[in-house]
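The values are calculated or read from the model by the stated rules, or taken from the named source; none is laboratory data. This is a predicted model, so every value here is computed, not measured. Every residue, glycine among them, receives a Cβ derived from its backbone with ideal geometry; neighbour counts consider all protein chains shown. SASA here: full protein model, heavy atoms, side chains in, ligands and nucleic acids out. Shrake-Rupley method; radii C 1.70, N 1.55, O 1.52, S 1.80 Å.
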Amino acid sequence: EEGERMAQTLGKNKALILQNHGLLTVGGSVDEAAFWFIAMDRSCQAQLLAEAAGTPVPISDVVAADTFKTVGAPISGWFNFQPYYQMITKEQPDILDVDEEDGKLVL
């Protein structure tokens, strides 16, 4: 039931802030969802810093819409995750180890 409520609340959006449980993000690919999570986490940090410094000044609806057009598309989420993927696989190449017998990832 809780999952259904979260899905209904999420609707066509990319993220939820779960009270006392952190963030939840979704996407058309794991890469996309992972980038939205990173972006959402950074946005939350920026919001907390802005509030700690005083009264934040909201951006206009026009700026928000233009930003969405620039970085809000699914391909943007996937594309922006690629440097993270490259860094992770370079630093931890064994993360992609696959058992040759059953084809499953070796964790």
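When you check V57 against the structure, is it of a type in the set (A, V, I, L, M) and under 14 Å from the mean Cα position of the chain (by Cα), yes or no?
When the stated conditions are applied, V57 does not pass them.
Restricting attention to segment 1-49, and to residues there that are part of a loop (DSSP other than H, G, I, E, B) and open to solvent by less than 60 Å² (accessible area, probe 1.4 Å), which single residue is farthest from P74 (Cα to Cα)?
Result: G11.
Cβ-Cβ under 8 Å, sequence separation 6+ or interchain: first residue in segment 62-80 and closer than 19 Å to T25 by Cβ, partner surrounded by fewer than 15 Cβ atoms within 10 Å (Cβ to Cβ) and of a type in the set (A, V, I, L, M). Which pairs?
T67/I59; N80/V71
So K90 clears everything in (1) within 21 Å of L23 (Cβ to Cβ); (2) free of Cβ contacts under 8 Å to residues at least 40 places away in the same chain; (3) not β-branched (V, I, T) except one condition, right? Which one?
Among (1) within 21 Å of L23 (Cβ to Cβ); (2) free of Cβ contacts under 8 Å to residues at least 40 places away in the same chain; (3) not β-branched (V, I, T), K90 violates only (1).
For segment 70-87, which positions are out of contact with any Asp or Glu (no Cβ under 7 Å at 6 or more places or on another chain), open to solvent by 80 Å² or more (accessible area, probe 1.4 Å), under 25 Å from K12 (Cα atoms) and not hydroxyl-bearing (S, T, Y)?
Selection gives I75, F79.
Is there a residue being assigned to a loop (DSSP other than H, G, I, E, B), open to solvent by 100 Å² or more (accessible area, probe 1.4 Å), at pLDDT below 90 and of a type outside the set (F, W, Y) anywhere in segment 50-69?
no
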